[in-house]
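Throughout, read-outs are computed from the coordinates displayed, never taken from laboratory work. Note that the coordinates shown come from a computational prediction; the quantities given were computed from them, not determined experimentally. Heads up, the Cβs are rebuilt from the backbone with ideal geometry, glycines too, and the neighbour counts pull from every protein chain shown.
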Amino acid sequence: MSEAVVTVEDAAARFGELVERVHTQREAAVIVKAGRPLARIVPIPAPGEVAEDLIDFLRRWQIEYPEPDEGLAQSIAESRQGIQTPSDPWD
């Protein structure tokens with residue numbers, strides 16, 4: 001995703017246009033003051049967009065790491081053994 005750099009003054013003067021640009025062009029905007037980044041306006045993902053990104057990531061991960069990580073599975077099992085059931089504060 002590309003980012004537009006906009007000064008605080010320009011963002012204030014053209015806020016409606018800026019929001020519309022972020023929305024329609026799916027382009028983030030970084031708001032700067034005296035050359036320092038202060039804030040970022042980003043488009044909200046469309047429904048399903050986040051899920052698709054996650055699915056793509058998991059597919060790439062599966063290709064890059066096809067073998068299961070037994071060390072991770074063992075670490076998870078060991079960490080679960082150390083978890084104690086919380087007590088009920090109302091008892």
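Structure above, values below:
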| quantity | calculated |
| --- | --- |
| Extension reserve of the Gln25-Glu52 stretch, reckoned as 0.36 nm per residue once the Cα distance is removed | 7.8 nm |
| Where chymotrypsin sites (Phe, Trp or Tyr not before Pro) fall in DSSP loop in the chain, at most 11 other Cβ within 10 Å | Trp90 |
| Karplus 3J(HN,Hα) series, Hz, for the range 77-88 with 6.51 cos²θ - 1.76 cosθ + 1.60 (x for Gly, Pro) | 4, 5, 5, 5, 5, x, 7, 9, 5, x, 7, 7 |
| Cβ-placed point charges (K, R +1; D, E -1), dipole of the chain about Cα centre in debye, nearest 20 | 520 debye |
| Zero-based 5 Å bins, Cα pair distances in the chain, whole percents | 2, 11, 12, 11, 9, 8, 9, 9, 10, 10, 7, 1 |
| Cα lying deepest toward the dipole's positive end in the chain, options Phe15, Ile41, Pro68, charges on Cβ | Phe15 |
| Within the chain, helix-based [θ] at 222 nm, where runs of 4 or more DSSP H residues each add -39,500 (n - 2.57), nearest 500 | -15000 deg cm²/dmol |
| In order through the range 43-51: 3J(HN,Hα) via Karplus (6.51 cos²θ - 1.76 cosθ + 1.60), integer Hz, x for Gly, Pro | x, 7, x, 5, x, x, 5, 5, 4 |
| Theoretical FRET efficiency, 1/(1+(r/R0)^6), r = Cβ-Cβ of Trp90 and Asp69, R0 30 Å, to 0.05 | 0.15 |
| Relative contact order %, the range 20-91, counting alpha carbon pairs below 8 Å whose residues are six or more apart | 17 percent |
